[in-house]
1. Looking at the stretch 434-446, I want the residues that are more than 14 Å from ALA243 (Cβ to Cβ) and have a partner that is of a type in the set (A, V, I, L, M) and outside any helix (DSSP H, G or I) with Cβ atoms under 8 Å, at least 6 apart or on another chain. Which pairs are those?
2. Taking the stretch 88-128 as the region of interest, how many residues are modelled with pLDDT of 85 or more and not in a helix (DSSP H, G or I)?
3. Looking only at the stretch 309-320, decide whether some residue is within 22 Å of ALA35 (Cβ to Cβ) and either out of contact with any strand residue (DSSP E or B) (no Cβ under 9 Å at 6 or more places or on another chain) or part of a helix (DSSP H, G or I) (or both).
4. Among the residues of the stretch 129-144, what is the count of those that are within 18 Å of VAL155 (Cβ to Cβ) and either in contact with a Gly (Cβ under 6 Å, 6 or more places away or on another chain) or in a helix (DSSP H, G or I) (or both)?
5. In the stretch 204-241, which residue that is surrounded by fewer than 16 Cβ atoms within 10 Å (Cβ to Cβ) and in contact with a Ser or Thr (Cβ under 8 Å, 6 or more places away or on another chain) is farthest from GLY43 (Cα to Cα)?
6. Out of all the residues in the stretch 214-243, which are without any contact (Cβ under 8 Å) to a residue 12 or more places away in the chain and assigned to a helix (DSSP H, G or I)?
7. So which residues in the stretch 131-148 are without any contact (Cβ under 8 Å) to a residue 40 or more places away in the chain and not β-branched (Val, Ile, Thr), if there are any at all?
8. Going through the stretch 305-361 one residue at a time, which ones are without any contact (Cβ under 8 Å) to a residue 60 or more places away in the chain and within 21 Å of the chain's Cα centre (by Cα)?
Amino acid sequence: MNNLLARKPVADIVASAEIPGRRVPRVLGPVSIAAMGVGAIIGAGIFVLTGTVAALNAGPAIVLSFVLAAIACAFVGLCYAELSAFLPVTGSTYTYTYATLGELAAWVIGWDLILEYAIGGAAVAVGWSGYFNSLLGMLGVALPPQWVAATGQAVVLADGTKATAIANLPAAAIVGLITVLLIGGTKESARLNNIMVAIKLTVVVSFIGLGAFYVNTANWRPFIPTNTGDFGSFGFSGILRGASIVFFAYIGFDAVSNCAQEAKRPQRDMPIGILGSLGLSTVLYILVAGVLTGLVPYAELNVPDPVAKGVRVMGHEWFSLFIELGALIGLTTVILVLLYGQSRIFATMAGDGLLPPVVGRLHPTLRTPWISQIMIGIVVAGVAAVVPLDVLDEMVGVGTLFAFILVCAAVIYLRTIEPYQHRPFRVPHVPWVPLLGILSCLGLMSGMTPETWLRLVVWLVVGLVVYFGYSRFHSRLRAKR
């Protein structure tokens, strides 16, 4: 039991970043780190989720749902900012848990993060495939339906006959392309991500700026539609339900904490990157929601492309092409950040002996964890090609909230056992702010379906089998004791 609960000393964690063979170039500044965060946060949520929640839950008051979700994320984001500056190494929640709750808990959360990063990357790749096919359709190009859907799904061919899908090749292809890019180098990947985020933000800001001139304020009345009698269907309960849904539009900002070891000045750059990306994304979400519900009556927004529908109301059909392009680029940056984060966590776990050493091996010239990146790329591409989107989506959220709770708990614990350590960034009002973060996450987790919880339990049981069958016998911390 002592071995299972053994904590990795903070000093050892920080020193591990300078071990020969594990040292990586510090090439990321605060702008690149914030762009990573924006790239992860602003994806399908701003182009799809906004319309769905407005139509089914909150009406024009969806802007309040975004505010509530942002407050919950802010509690967690402050905790990530403190820990990423205090422990400026890769590994994210896994590393923080190793320093607080011990090795077994660290393994469990590392295994759990696969659900968020790897499976999340596959889910976004499937969404990317849908936008890619839509964009090709606008250009008069059509791919064979059996090669753009999950294995076994029913599809309709061009001649009207029905067939069974073989695999979603565009989803697998984008994962493969991004994997190659990430192997090529962090600096190069960050530079391309910065460009894509700039394009995406241009599209979003253009929609806000242009749409503001066509807003019909009558569409904002009533601002809070009367509840239909069911919890979560408009009224104040609809705002709360909407907040729990749009919370998942923010998932991905935690992956930015994996940049710490490659940040030029992590004690300064990480808090700026994490909190800056959260703040900017929140403002854009609220503005898009306000403009969209002002352009289109909220009841008409339950469509796959609500923002494009808003553009059509303006009478600018040509602009819908840029909306599709913005969504496509937005999803690309999300996949990039998630695959980046997963490979860094795997490499860190391998460095601790909990995974085979080959997983953490750095490329001799590129200095990237190329083997883990290839392994992750193959698995994620395979999952994206054969598994439908709805199954993938259900597996991501609960794992993310579980990780968030442990991050908030880690701040409280480290403040207790390491009270006098210098912290470049400090969460205010500890333990109350981290406790509010924990309560916010527990509240959102309470709305999960039993099937989602069952999948999480099964996944964690598999992880425990791997730990007790391999990891605990190869743990470097265990070997020292």
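1. Between residues of the stretch 434-446 that are more than 14 Å from ALA243 (Cβ to Cβ) and residues that are of a type in the set (A, V, I, L, M) and outside any helix (DSSP H, G or I), the close pairs are PRO434/VAL427.
2. Total satisfying the criteria: 1.
3. Step one: of the stretch 309-320, the residues within 22 Å of ALA35 (Cβ to Cβ) are none.
No, every residue in the stretch 309-320 fails to be within 22 Å of ALA35 (Cβ to Cβ) and either out of contact with any strand residue (DSSP E or B) (no Cβ under 9 Å at 6 or more places or on another chain) or part of a helix (DSSP H, G or I) (or both).
4. Just the residues of the stretch 129-144 that are within 18 Å of VAL155 (Cβ to Cβ), to begin with: 129-134, 136-137, 141-144.
Keeping just the survivors that are either in contact with a Gly (Cβ under 6 Å, 6 or more places away or on another chain) or in a helix (DSSP H, G or I) (or both) gives 129-134, 136-137.
Final tally of qualifying residues: 8.
5. Restricting to residues being surrounded by fewer than 16 Cβ atoms within 10 Å (Cβ to Cβ) and in contact with a Ser or Thr (Cβ under 8 Å, 6 or more places away or on another chain), the top hit is ASN227.
6. ALA218, GLY235, SER237 - these are the residues of the stretch 214-243 that are without any contact (Cβ under 8 Å) to a residue 12 or more places away in the chain and assigned to a helix (DSSP H, G or I).
7. Of the residues in the stretch 131-148, the ones without any contact (Cβ under 8 Å) to a residue 40 or more places away in the chain are 133, 136-137, 139-148.
Selection gives ASN133, LEU136, GLY137, LEU139, GLY140, ALA142, LEU143, PRO144, PRO145, GLN146, TRP147.
8. Hit for the stretch 305-361 is PHE346, nothing else.
The values are calculated or read from the model by the stated rules, or taken from the named source; none is laboratory data. The model shown is predicted, which means the values in this text are computed figures rather than measured ones. Positions of Cβ are generated from backbone atoms using ideal geometry, with glycine treated the same way; all protein chains shown enter the neighbour counts.
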